[in-house]
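Read through the structure below, which is laid out as structure tokens, and then see the notes.
The values are calculated or read from the model by the stated rules, or taken from the named source; none is laboratory data. Quick caveat: nothing in here was measured; it's all calculated off a predicted structure. Every residue, glycine as well, gets a Cβ built from its backbone with ideal geometry; the counts of neighbours run over all protein chains shown.
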Amino acid sequence: MSATEQVVAPAGAGAPEVIRVRVPPRSWRSELRAMRIVWRRELIRFRNDRIRIVTALIQPLLFLFVLGSGLQQLSAASTHGVDLKTFIYPGILCIAVMFTAMFSAASIVWDREFGFMREMMVAPIRRSSIVIGKCLGGATVASLQGVILVCLAGAVDVPYDPELILGILGLQLLLAFSITAFGVMVAARITQMQSFMGVMQMIVMPMFFLAGALFPVTNLPGWLTVLNRIDPLTYAVDPMRRLVFDHLDVSAAAHKALAPGVSWWGWHVPGLLEAGVVLALGLLMLAIAIWEFSASD
């Protein structure tokens with residue numbers, strides 16, 4: 001009898017009927033299939049929840065059009081003729097992806113409360129496959145949400161340049177994966193939805209405001225400069241803004257003042273290195289989430 005087969009015989013005298021239960025052996029194909037199923041489940045839930053799609057857009061649109069339009073006159077003297085909505089547009093792209101990615105991880109808490117997570121955990125697959133599939137699904141959902149805001153680029157005087165669009169989508173996907181991995185890592189230790197939402201609000205809003213999504217990262221007070229540089233979201237907002245400004249027809253003074261790039265002790269961090277930091281943090285969060293799920297009962 002193979003190690004993947006079990007014999008179940010009903011109690012009682014006589015010749016019992018032998019029922020063989022076969023558990024398929026693990027392989028890389030079965031693990032990939034498990035990842036694909038978890039990923040597809042996230043997409044199906046996102047497609048069927050149209051209210052979630054609409055509500056997730058309200059906050060970014062309020063920041064972009066209401067706040068951007070309302071403060072335009074106040075900030076006109078310091079933006080070198082650049083519309084404030086154009087300046088904050090890269091940060092709004094990041095916040096739209098960040099919020100959606102964070103709350104995609106909330107489905108883990110729901111699944112745990114309703115018992116579906118237990119069914120996935122006892123499946124004959126590695127728990128790492130569940131975590132990876134969940135992160136890929138959340139990243140895909142968040143990126144799709146970000147695509148909607150990318151389509152509004154023309155409304156804030158950002159050109160529909162193919163190179164720009166591809167760069168934005170790539171950075172959004174990278175950010176979505178990292179934030180989803182972080183959310184999954186947090187959700188692995190939380191059992192109640194109320195607690196998860198409270199923790200996420202405590203983490204997400206400071207990350208957003210400290211990342212420079214609404215202000216340039218130069219000439220800041222010392223304490224704010226330190227917080228800005230240690231905020232992981234900074235290394236997603238900054239390359240996104242530099243990418244957008246590289247495709248705008250603005251003066252050199254405006255580019256230097258509004259999109260100077262993050263620097264450490266006078267050394268300007270390259271955009272590719274910033275993207276690498278985001279990816280490295282995402283992979284670290286993924287590894288921790290896998291460890292937490294593997295160690296849990």
task: Evaluate the following for Val147: is it closer than 14 Å to Trp39 by Cα and assigned to a helix (DSSP H, G or I)?
output: no
query: Which of the residues belonging to segment 150-163 are assigned to a helix (DSSP H, G or I) and either among the acidic types (Asp, Glu) or in contact with an Asp or Glu (Cβ under 8 Å, 6 or more places away or on another chain) (or both)?
result: Val156, Glu163
message: Take the conditions within 24 Å of the chain's Cα centre (by Cα), within 27 Å of Met35 (Cα to Cα) and at pLDDT 90 or above and apply them to Val237. Does it pass?
response: no
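Here's the yes/no breakdown for (1) aromatic (Phe, Trp, Tyr); (2) buried (at least 17 other Cβ atoms within 10 Å of the Cβ); (3) modelled with pLDDT of 85 or more:
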{"site": "Asn48", "(1), (2), (3)": "no, no, no"}
{"site": "Thr55", "(1), (2), (3)": "no, no, no"}
{"site": "Pro60", "(1), (2), (3)": "no, yes, no"}
{"site": "Phe65", "(1), (2), (3)": "yes, no, no"}
{"site": "Gly68", "(1), (2), (3)": "no, yes, no"}
{"site": "Thr86", "(1), (2), (3)": "no, yes, yes"}
{"site": "Val97", "(1), (2), (3)": "no, yes, yes"}
{"site": "Ala105", "(1), (2), (3)": "no, yes, no"}
Considering residues of segment 205-226 that are touching a residue at least 40 places away in the same chain (Cβ under 8 Å) and surrounded by fewer than 19 Cβ atoms within 10 Å (Cβ to Cβ) only, the residue farthest from Gly138 (Cα to Cα): Thr218
message: Checking Phe209 against (1) in contact with a helix residue (DSSP H, G or I) (Cβ under 9 Å, 6 or more places away or on another chain); (2) within 23 Å of Gly276 (Cα to Cα): exactly one of these is not met. Which one?
response: (1)
- prompt: Are any of the residues in segment 133-149 over 23 Å from Val204 (Cβ atoms) and charged (D, E, K, R)?
  reply: no
query: Taking into account only those residues within segment 153-190 that are polar (S, T, N, Q) and more than 15 Å from Pro90 (Cβ to Cβ), which is surrounded by the fewest Cβ atoms within 10 Å (Cβ to Cβ)?
result: Ser178
message: Conditions first: (1) at pLDDT below 70; (2) exposed (fewer than 12 other Cβ atoms within 10 Å of the Cβ); (3) polar (S, T, N, Q). Thr4 passes all but one, so which condition is the exception?
response: (2)
field: Index of the failed condition, Ser251 passing every other in (1) over 20 Å from the mean Cα position of the chain (by Cα); (2) surrounded by fewer than 17 Cβ atoms within 10 Å (Cβ to Cβ); (3) modelled with pLDDT of 85 or more; (4) not β-branched (Val, Ile, Thr)
entry: (3)
Flag if Ala252 is within 26 Å of Val66 (Cβ to Cβ) and small (Gly, Ala, Ser): no
Checking Phe196 against (1) buried (at least 22 other Cβ atoms within 10 Å of the Cβ); (2) modelled with pLDDT of 85 or more, the condition it does not meet: (2)
- request: Considering (1) at pLDDT below 90; (2) part of a helix (DSSP H, G or I), say which one Ala123 fails and leave the rest.
  value: (2)
- line: Among helices (runs of 4 or more DSSP H) entirely within segment 183-297, at least 3 residues that are small (Gly, Ala, Ser) and under 30 Å from Ala123 (Cα atoms) occur in 271-295
